[in-house]
Structures are given as C-alpha cells and as structure tokens.
1. Return the only residue of A:185, A:143 being under 13 Å from the mean Cα position of the chain (by Cα), buried (at least 23 other Cβ atoms within 10 Å of the Cβ), at pLDDT 90 or above and away from every other protein chain (no Cβ under 14 Å).
2. Within 21 Å of residue B:145 (Cβ to Cβ) and within 13 Å of chain A (Cβ to nearest Cβ): is that true of residue B:112 in this structure?
3. Could you tell me whether residue A:225 is within 18 Å of residue A:179 (Cβ to Cβ) and among the basic types (Lys, Arg)?
4. Where the second residue is aromatic (Phe, Trp, Tyr) and the first is at pLDDT below 95 and lies in the stretch B:57-82, which pairs have Cβ atoms under 7 Å and are six or more apart or on separate chains?
5. Could you please find all residues in the stretch A:28-38 being assigned to a helix (DSSP H, G or I) and facing chain B (nearest Cβ under 7 Å)?
6. Here is a list of conditions, (1) farther than 26 Å from residue A:26 by Cα; (2) surrounded by 15 or more Cβ atoms within 10 Å (Cβ to Cβ), and residue B:135 meets all of them except one; can you say which number that is?
7. So, in the stretch A:118-133, exactly how many residues are at the interface with chain B (Cβ under 8 Å from one of its Cβ atoms) and under 10 Å from the mean Cα position of the chain (by Cα)?
Amino acid sequence: MARAGTERFRTRADTAAFVACLALSLGALALPESLSSPLASGIRETVLAPFLALQREVVRFAEHRERLDRLRAERDSLALATSRLRETEAENERLRALLGLGARIGVGFVAGEVLHQTGVSDGQTLVLGLGRREGVRQLAPVVTPEGLVGTVLTVDERTSVALAWTHPEFRASAMVDESRIYGIVAARRGARAGEVMELRGIPYRSEVPEGTVVVTSGLGGVFPRGIPIGTVQGVLSESEGWERTYLLRPAVHPAAITHVMVLLTHEPGADLRPRFADTLGDSAVASPRRPGPGVP
Amino acid sequence: MSRPGGLRLWVALGALVMLHFALRPALGDNRYAPDFVLVALVLYAMNSRPGVAAVAGFVVGVVHDATAPTAFGAAALAHTLAAYLASWTHTVFVADNVLVTAAFVAGAAWLRDVVQALAANQLAGSALLWQLSTWSVLAAAATAVAALVLLLAVRGWVLPRSLR
C-alpha cells in the first residue's frame, strides 16, 4: 500500500516537472529579445564557452590539415607539371580565394570559423568563432569571398551569433549592379533554406534582366556598398504599374560555409565592388549587362 | 527502472558531449551529422524517471537555444518533449534489442526537429517540408547510427538494467 502511494506521488511529481518545463519553455519563447539575448549570451559565455572553444580548435585543426594537404598537392603539381603552369595558376587563385580570404578585402576585417550547431535553426543563425576580443561588434557585416552572409546579431567575448540572410527577419538594401535601381533583399519564405531570395520593391518601369548581379546598396548604414548578394533569375511577381519582385540565386549558402569574414570598419560611402571583382566577374558571365572576365 | 548516476553511464554521457563538439565538425555536412548530445539525452532519459528526464531535456534545450537566440525557447520545448517521451515510452516500445533502441533514438531526433521547427516558426511551406522530410530524416538516421555504434560498444554502460 505504501509502495503504491509512493509510486503515485512519483508519477504526479513527474507530471508536475514535465508541465513546469513545458511552461518554462513556452515562457522562454515569449520572452522579448531584450531579455532572451542577454540570457543566451550568458549561457554561451559560461556553460557553452569551453565546448565552443573545443569546437573552434577542432575546426581550425581540420582547416590546417586541409591546407597542408592542398599545399602539398600544389607543390607536387608545380614540381611535376611545369607544362601545366596555366592550370596550376588557376588552381592557385582558387586556393587563395579559399585560404587567404582577406587578401581581397584588405584592412578592417577579421576572418573566423563558423561553428555549426545541430537543429533546424542552423543556417539561419550561425555561431562564429569570433567575438569582442577580435573587435567584432553588433551589426557588423558578415561576408565570404563570394558575397554576403548576413550581419552580426549578438557579440560575446570569444564568440558571436550572426543572423544569416536565410533568416525570415533579415533584410538588406540592395541595388542592381551598375545601375541606380534599388530594392530590398530578403529570404524567400517557404523556399528551401538557402536556395533563393527575393529582390522586392523594384519600380515597374525598371526591368532587370536575368543574370544581373545584385549587390548591397550601402544605404541604411549596415552594409557597405558593393557586396554581392545574388543573381537575378527572373520575375517572381508584379503589381501592375507599380513594382516588381525578382527571384535571386544567392551568392552564398550559409548552411554550407565553414569560414567567414566579419567587416570591422568601413568608410561611409565605401564601395567594395572592386574587392569582390572575381565574384562579380564570375556572375557576370551570365549577365548581358557586363563583360565577362578577360573581355576588354 | 534503475536510478541514473552510475559512474559508467556518466562517463559515456560525458564522452558523447565531448564527441559532439570534437568529432561532429569533422563528420561532413552539418545538416545530417549525428547529434551526440541528443543520443546522450535519450540514453539518460531511458535511465531516469520521466520528470527527471524532462528537466534534463529542458536544460539541454536551453543551452541549445543559446546558439540560436532568435527562437529562444524552441529547443527547450523540443528537448523537454523528446526526453520526457523517451523516458515514458521506452519501457513500452523498446525491446531488448540495440537496433530497436537505435530506431528509438532516431524517432526522438526527428520529433525534436519537428517540434523545434514548428515552435521556432522560421521555416514555412516547402522549406519546412524539405527540412523535416529530408535533412531531419538524414540527421536522425545518422544519430541512430551513432547510437547503434555506442550501444554495440558499451551497451552495459548506458542501457537500464532491464534492457541489458
């Protein structure tokens, strides 16, 4: 009898604990960002800090090993095949883009690892192995050599969280490269994560041909002008006589990247298009508006 | 149901957490790499009473939420549910078979993703469908394989006495 009573009490206690945890979870979901953000930051800087540090070191180790392998392969290739010098040069350029990262951007940036986490939110928010110590600040642009990734959402001492363009709350002021057509870029809600984005608010009178490169406009003060965002794939919808929305193929897929650059400083009115010349050139191959690489 | 806390169980759970951060980044695409923390949580839940498992799930979820603060609470809700149900149902559905236990882990991983995706409300339409029908299924399968390997190696350490 006493055992049955104890078991009944335990069952009730289990149910109570479960209901309490559910209620706390729902309460956490309802927390305003001003409360949840410091709480999340506190957890990252205490409980999670050693684990994120471990993950960062593992990613770095893997990167160094990969770099070593590539450099060995490159050395062997150079030694064995001088006749294939042109191919080697092209490969070298690609490796520079992958490994050197910042050479094109110049000063005012810091490169770091993306510490991917489990769950469905990864790819929409990214944990970066860079923090306040490296000079990262809130709203700093996050890019790769190919183009825009997102912006820094919160900054801790050694890590930070970036809001990728795939997040439904992300917006960027954009312009069609080499023109004065402006619009707003956002992820296409409902599309497969990271696959397509939308360019909204393009005046009806301004037609943007397929293959045109879209870059950040520099308006709004968050992103400097000229970071590649994506390439126009076609008209998505139009309000007759008013505006058009275009479908864009993104320059970067946040879920697949391993390294990023966080821009620390940029002059007001700075134009980064020359820094992303390779990407803009590659994209422009499909564009009727721009000459391709190597074309005078 | 045996009480959790055996030293060997804790060693295994600690090893799984370390593997999550040390090995997982090297296991390929993040979208379908195994979730060692979830394996640890399910195994802990199987060794615990449902209430304790729910609290453990909540704690793991809150820590997980810290890495995706735009949907703070979604992972806590998902992990709480997954852990509670894992503890509550394993005596009914899990036979004395490591394959069934691994499938049970896969189910928990997929359920976690479903609840988290719906609670976070950041995916919609075909994106949500694609995530839950492809990436989450692949990730759940990879997590089940990780659980299977662990169970084959140290089954006596991590399963409750009734299932050893």
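1. On inspection, the qualifying residue turns out to be A:143.
2. yes
3. yes
4. Going by the 7 Å Cβ cut-off, the qualifying pairs are B:65/B:72.
5. If the condition is that a residue be assigned to a helix (DSSP H, G or I) and facing chain B (nearest Cβ under 7 Å), then A:28, A:29, A:36, A:37 are the ones that fit.
6. (1)
7. Residues that pass the stated criteria total 3.
Rundown of residues vs (1) buried (at least 23 other Cβ atoms within 10 Å of the Cβ); (2) closer than 25 Å to residue A:256 by Cβ; (3) under 12 Å from the mean Cα position of the chain (by Cα), yes/no style:
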site: B:8; (1), (2), (3): no, no, no
site: B:20; (1), (2), (3): yes, yes, yes
site: B:23; (1), (2), (3): no, yes, no
site: B:30; (1), (2), (3): no, yes, no
site: B:46; (1), (2), (3): yes, no, yes
site: B:57; (1), (2), (3): yes, no, yes
site: B:61; (1), (2), (3): yes, no, yes
site: B:66; (1), (2), (3): yes, yes, no
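The values are calculated or read from the model by the stated rules, or taken from the named source; none is laboratory data. Because the structure is predicted, anything quoted here is derived from the model rather than measured. Counting neighbours? That spans all protein chains shown, and the Cβs are built from the backbone with ideal geometry, glycine included.
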